[in-house]
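Asks: Quick one: the structure is below, questions incoming.
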Amino acid sequence: MRNIIKDHQIVADDWNVLRLEEGQTPESVAVPAGKVLVPLKVWQAQHAALVLRADVGVWIDSDEGAEALKEDAAKLPLIAVNFPKFADGRGYSIAYNVRSRLKYAGELRAIGDVLRDQLFYMQRAGFNAFAVREDKDINDALKGLSDFSQPYQNSTDIKAPLFRRVHRDGASA
Amino acid sequence: MYRYDQYDHQIIQERVAQFRDQVRRRISDELTEDEFRILRLQNGLYMQRHAYMHRIAVPYGMLSSKQMHMLAHIARKYDRGYGHFTTRQNIQYNWIKLEEAPAILADLATVEMHAIQTSGNCVRNISSDQFAGVAADEIIDPRPYCEILRQWSTFHPEFAYLPRKFKIAINGAVEDRAAIGMHDIGLTVVKNDQGEIGFRVMVGGGLGRTPLIGATIREFLPWQHALTYIEAILRVYNQHGRRDNIYKARIKILLKALGAEEFARQVEAEWVDLKDSEATLTVEELQRVAACFTAPAYLTLPASDAAYEQEKATNKAFANWVMRNVKAHKVPGYAAVVLSLKKTGVPPGDITADQMDFVADLADRYSFGELRSAHEQNLILADVRQADLVSLWKEAKAHGLATPNIGLLTDMICCPGGDFCSLANAKSIPIAGAIAERFDNLDFLHDIGEIELNISGCINACGHHHIGNIGILGVDKDGSEWYQVSLGGAQGNDIAVGKIIGPSFSAGQMPEVIDRILQVYVRERTEDEKFIDTVRRLGIAPFKEYVYATPIKTELQHGEDAYA
Ligand code: HEM
Ligand code: SF4
């Protein structure tokens, strides 16, 4: 079992991530028993069977959209967003949409190329869990969640921008 | 000027700490160069030909004298005693050590400065009109909106890893001095028929490999909705902008692929949920920020100062400087002064630490302690009494900052090119130097009149060559440096991309090429016709014909060898 960061804690995690290998198709791939995170395409192709399982979550890739889970989000125990490269920022908007459009309240996990220096923004965009890349120190990564204290702008985590949250001066004198 | 409060201070401090730790992790190899590059770029740090380059943010070009002194200190302590003002109103240092970058940020933070998002694929420094707040043709001061957007875009969690860099400019005057048409988003502050304030929203402008002028996607956006609407634009772009090809990743390519109408439709659809959300601006917040930009304590003065008028009438050198470098002010008895960073022999935009200290002093004595930087790479004292112009002129002159060439041929925009930039195909500063030397005759320059000459060392177009009346682009041909010339580009309300006149030239030929172009202009112009208007009237054909009619001998002293 590997560790992940979830709700600011380092916890053991028993979800397996299914990634399609060369030659496998979403229709034919065998989804193993036990807790498994399947690609969105597999979820869609094998919907009838998978929707009956309580131990299946779905991961969305960066070129896919949150809307595809519109009907199912409320039922899912886990939604993940894949970062094929840490510099690919589409996952932030996907997370925003999962939270604000789909109104998803469950665990939203960043998987893939997930690094310390991106965690602060990821958490603001709506992620509450992070499968930090395995060659990196997860204890170190945890520090990334608290880089800043009072952000200026609204996002998924804080709906009101700074100017509505606090009294600001600055114009005095 | 905007006065930062405890929240702004805290955010900058936290940034310094974050970056210091990132540099530490890079040096100890916890971060690979690949991982670190993106982090350092978002802190303005580039790896260049010889050393690191550090780009410091000057939000919408506003600087206090205290900040300018700090810039001088940075130049002395961490660089080689000078800095370079850029076409995005920022300042760059070219000789920085990675290990010292955190200390630079810490020093800057003491005067409320930073390098946040001066590079990288995020929302960059917001730029604006260098005469904001004082221009005689201003409709609404754009600076409060600039500052509100600066705050909104600072560490925006969703838009820090966009497909490509993202530039926003705001103009509040009749004349566009912020080149809004070549920005990813260009906003113009306007009043509608009911007298309400809002923005005309342009999207998809940009230079580089595919120069495009932005398209208007909304004629009037009430100001309250600025943040949510821009959020909608960025969300559409973030999800649908191309990431497979770095050259096609700017929003201009998405806009072009979808068409402005379809793009606007997607933005409006995205906006439905955001409109009227808590991110909608409030009157209180606008007033709070706007209060920082209230006019300084102007004196009540007559519209014109007698001694100043007298000096103008009798001192030709002073009159020349006034004609070129002094701009109309909306307050009677005041003027805005452009300090030229375009003295012959100095790379355009370069300024020494001593000059920085000097202009900071000038600002204290003559202009309420404030300065601005212009995208043409000059500095501005925005609030000078007419009565002070003569003494200001004398002092500036003594420090090499009163070249009376604003808007003239030698007021060139020029990127660092091959002397510093690792992306360059050719040098650009020596070309600017050779042209400036060749035309170092004020009477001639004044006779030629307004003309914009812009030089870039490669297709990235940092020197805005596309929108120069004359544009010069460094190109690589079989491993040597050549220059392509275009005509008819323009910034401002009639922004246009220039047309290439033909095969490229060697460095040594460039002064003569410019000379020939000017000869055609002088021959063909009607009375009072500006260069750009002659080009527009005649097209590029007569220029092209004359430039290529007879071979151009390379002037060796200006040739590429001379600059090797
Ligand atoms: C010396 C280090 C520099 C590097 C490595 C650099 C790099 C680049 C690159 C790669 C682009 C192309 C971006 C694109 O097409 O999306 C670009 C564009 C640009 N850069 Fe620079 N640049 C440098 C210095 C400067 C300076 C000194 C200025 C201002 C004088 C500047 C202002 C600009 C502008 C205005 C553009 C065009 C923006 C547009 O396409 O809309 N850069 N730069
Ligand atoms: S235009 Fe090219 S050469 Fe000039 S600064 Fe930009 S990237 Fe460098």
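Asks: Which of the strands (runs of 3 or more DSSP E) found entirely inside segment B:60-136 contain at least 1 residues meeting this: closer than 25 Å to A:Gln153 by Cβ and out of contact with any helix residue (DSSP H, G or I) (no Cβ under 6 Å at 6 or more places or on another chain)?
Replies: By residue number, B:62-64.
Listed here are the residues, each with its yes/no results for (1) within 16 Å of ligand 2 (Cβ to nearest atom); (2) over 20 Å from the mean Cα position of the chain (by Cα); (3) open to solvent by 30 Å² or more (accessible area, probe 1.4 Å).
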position: B:Asn425; (1), (2), (3): yes, yes, yes
position: B:Ile429; (1), (2), (3): yes, no, no
position: B:Arg438; (1), (2), (3): no, yes, yes
position: B:Asn441; (1), (2), (3): no, yes, yes
position: B:Asp447; (1), (2), (3): no, yes, yes
position: B:Leu453; (1), (2), (3): yes, no, no
position: B:Ser456; (1), (2), (3): yes, no, no
position: B:Cys462; (1), (2), (3): yes, no, yes
position: B:His466; (1), (2), (3): yes, no, no
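Asks: If you check B:Val513 against the conditions, is it open to solvent by less than 10 Å² (accessible area, probe 1.4 Å), among the β-branched types (Val, Ile, Thr) and at pLDDT 95 or above?
Replies: Criteria met by B:Val513.
Asks: Which of the numbered conditions does B:Ala291 fail, given that it passes all the others? Conditions: (1) modelled with pLDDT under 95; (2) part of a loop (DSSP other than H, G, I, E, B); (3) in contact with a Ser or Thr (Cβ under 9 Å, 6 or more places away or on another chain).
Replies: Unmet condition: (2).
Asks: Restricting segment B:215-244 to residues that are within 16 Å of ligand 1 (Cβ to nearest atom) and open to solvent by 10 Å² or more (accessible area, probe 1.4 Å), which is nearest to the other protein chains (Cβ to nearest Cβ)?
Replies: Within segment B:215-244, the match that is nearest to the other protein chains (Cβ to nearest Cβ) is B:Arg243.
Asks: Keeping to segment B:457-473, report how many residues are closer than 18 Å to B:Lys530 by Cβ and either away from ligand 1 (no atom under 15 Å from the Cβ) or assigned to a strand (DSSP E or B) (or both).
Replies: The total comes to 3.
Asks: With the requirement that a residue be closer than 19 Å to B:Ala72 by Cα, open to solvent by 20 Å² or more (accessible area, probe 1.4 Å) and assigned to a loop (DSSP other than H, G, I, E, B), what does segment B:344-367 give you?
Replies: Correct list: B:Val346, B:Pro347.
Asks: Separate question: Take the residues of segment B:406-423 that are out of contact with any helix residue (DSSP H, G or I) (no Cβ under 6 Å at 6 or more places or on another chain) and either open to solvent by less than 20 Å² (accessible area, probe 1.4 Å) or more than 10 Å from ligand 1 (Cβ to nearest atom) (or both): which is nearest to the other protein chains (Cβ to nearest Cβ)?
Replies: So the residue we want is B:Cys415.
Asks: Hey, another quick one. Residues to consider are B:Arg49, B:Arg40, B:Arg24; find the one that is closer than 19 Å to B:Asp79 by Cα and part of a helix (DSSP H, G or I).
Replies: From the options B:Arg49, B:Arg40, B:Arg24, the qualifying one is B:Arg40.
Residue by residue, here is whether (1) open to solvent by less than 10 Å² (accessible area, probe 1.4 Å); (2) within 10 Å of chain A (Cβ to nearest Cβ) holds:
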site	(1), (2)
B:Asp21	no, yes
B:Arg26	no, no
B:Asp29	no, no
B:Glu33	no, no
B:Leu39	no, yes
B:Asn43	yes, no
B:Tyr46	no, no
B:His50	no, no
B:His54	yes, no
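Asks: Next up: Within segment B:491-510, which residues are open to solvent by less than 10 Å² (accessible area, probe 1.4 Å) and aliphatic (A, V, I, L, M)?
Replies: B:Ile501, B:Ala507, B:Met510
The values are calculated or read from the model by the stated rules, or taken from the named source; none is laboratory data. Treat the numbers as computed from the prediction; the structure is a model and nothing was measured. Neighbour counts are summed over all protein chains in view; Cβ atoms, including those assigned to glycine, are modelled from backbone coordinates with ideal geometry. Ligands, DNA and RNA are excluded from the accessible area calculation, which covers all protein heavy atoms including side chains. Shrake-Rupley method; radii C 1.70, N 1.55, O 1.52, S 1.80 Å.
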